[in-house]
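The structure appears below as structure tokens.
The values are calculated or read from the model by the stated rules, or taken from the named source; none is laboratory data. Note that the structure is predicted; figures quoted are calculated from it, not measured. Every residue, glycine as well, gets a Cβ built from its backbone with ideal geometry; the counts of neighbours run over all protein chains shown. Each accessible area value is taken on the protein alone, full model and side chains, heavy atoms only, with ligands, DNA and RNA left out. Shrake-Rupley method; radii C 1.70, N 1.55, O 1.52, S 1.80 Å.
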Amino acid sequence: MVVGGGLAGITAALALAARGQRVTLVETRPRLGGLAFSFRRESAVGELTVDNGQHVYLRCCTAYRGLLERIGGARLAPVQRRLDVPVLDAERRTLGRITRAALPVPLHLAGGLARYPHLGLAERARVARAALALRRLDPADPALDDRSFADWLRAQGQSPGAVAALWDLVGVATLNARAEDVSLALAAKVFRTGLLSSPGAADIGLPRVPLGTLHDELARAALARAGVRVLLATRARTLRAAP
């Protein structure tokens with residue numbers, strides 16, 4: 001029995017079925033996907049399909065990529081060949097890009113950082129030093145959880161402008177919070193994994209279809225093929241162990 005049909009529940013049910021288990025998945029909602037789903041709304045331009053939750057993913061999200069492969073959704077959510085994100089400063093009307101090169105870590109980000117117009121020369125140098133310091137941190141160190149990411153960035157000489165133009169730009173998109181509200185442990189995990197683990201780790205995958213197509217329709221079909229019994233709009237109240 002798997003209780004909950006979010007991404008973790010779908011993955012667990014498929015994994016158990018692949019090991020020869022008889023699996024029943026129970027989900028209280030009338031759909032699968034958990035918090036990464038789609039819904040429809042009327043608007044002035046007609047009916048819209050709106051995605052909620054995980055809008056993009058990274059190449060380093062290997063578990064999620066494995067799920068997409070398992071349900072037949074990888075081709076519908078391709079990963080860009082190489083990280084390239086336009087960043088617009090609306091006040092100064094300046095367009096920059098966060099990019100990477102096919103070089104070893106951390107040199108893969110050096111060229112893009114050198115050309116990033118939203119940071120001054122001194123700020124770029126301090127960002128590079130902070131990235132190297134971040135790479136030396138151990139996210140499993142309990143002490144990192146007692147310190148905010150913003151406090152650590154200040155100690156590394158990061159200006160408010162650098163935090164807004166780079167660190168929070170990435171942090172809000174991945175951690176859903178600004179540096180002041182994020183522990184150093186969480187930030188170290190995200191930045192080290194996404195930007196400082198391998199050259200292509202931060203390449204972005206973008207679904208070409210609604211999340212509901214991936215996480216509900218394709219997932220439900222994959223579960224059916226695997227022989228998993230799916231009970232939607234059903235609440236699990238009690239679990240009893242079978243012999």
Cβ-Cβ FRET estimate between residue 225 and residue 52, R0 fixed at 30 Å, reported to 0.05: 0.65
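Using 1/(1 + (r/R0)^6) with R0 = 30 angstrom and r between the beta carbons of residue 177 and residue 133, what's the FRET efficiency to the nearest 0.05? Don't skip to the end; give the middle numbers.
On the way: r = 21 Å, r/R0 = 0.70.
It comes out at approximately 0.90.
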With 0.36 nm assigned to each residue of separation and the Cα-Cα distance removed, residue 90 to residue 234 gains 47.1 nm
Name the residue farthest towards the positive end of the dipole of the chain from the options 210, 221, 85, assuming +1 on Cβ of Lys and Arg, -1 on Cβ of Asp and Glu, about the Cα centre. 221
Hey, got the dipole for the chain? About the Cα centre, +1 on K and R Cβ, -1 on D and E Cβ, debye to the nearest 20? 760
In whole µm²/s, the translational diffusion coefficient that Stokes-Einstein assigns to region 84-196, given a Kirkwood hydrodynamic radius over C-alpha pairs, 4 °C and 1.567 mPa s, equals 90
Please name which of 14, 45, 153 has its Cα lying farthest along the dipole of the chain towards the positive end, using unit charges on Cβ (Lys, Arg +1; Asp, Glu -1) and the Cα centre as origin. 14
Give the percent of DSSP beta bridges with both residues in the chain that are antiparallel, rounded to the nearest 5. 75
Over region 84-196, with every protein chain in place, what whole percent of the accessible area is carbon and sulfur at 1.4 Å, could you tell me? 57
What is the diffusion coefficient of the chain in µm²/s, taking the Kirkwood radius over Cα pairs and the Stokes-Einstein relation at 25 °C with a viscosity of 0.890 mPa s? 121
Using only C-alpha positions, report the orientation-averaged shadow area of the convex hull of region 160-200, nm², one decimal. 2.9
Cα gyration tensor shape of region 1-129, rounded if a/c is under 1.5, else prolate or oblate by comparing a/b with b/c: oblate
Measuring with a 1.4 Å probe in the full set of protein chains, what accessible area per residue, in whole Å², belongs to region 126-201? 50
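Treating only the Cβ of Lys, Arg, Asp and Glu as charged (+1, +1, -1, -1), what charge dipole size does region 84-196 show about its Cα centre? Round to the nearest 20 debye. Working shown, then result.
Numbers: 15 positive and 12 negative charges, 105 e Å.
It works out to roughly 500 debye.
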Specify the residue with the greatest mean-square fluctuation among 202, 125, 188, computed from a Gaussian network of the chain linking alpha-carbon atoms under 10 Å apart. 125
Theoretical gain in end-to-end length, residue 3 to residue 140 [0.36 nm per residue, Cα-Cα removed]: 46.4 nm
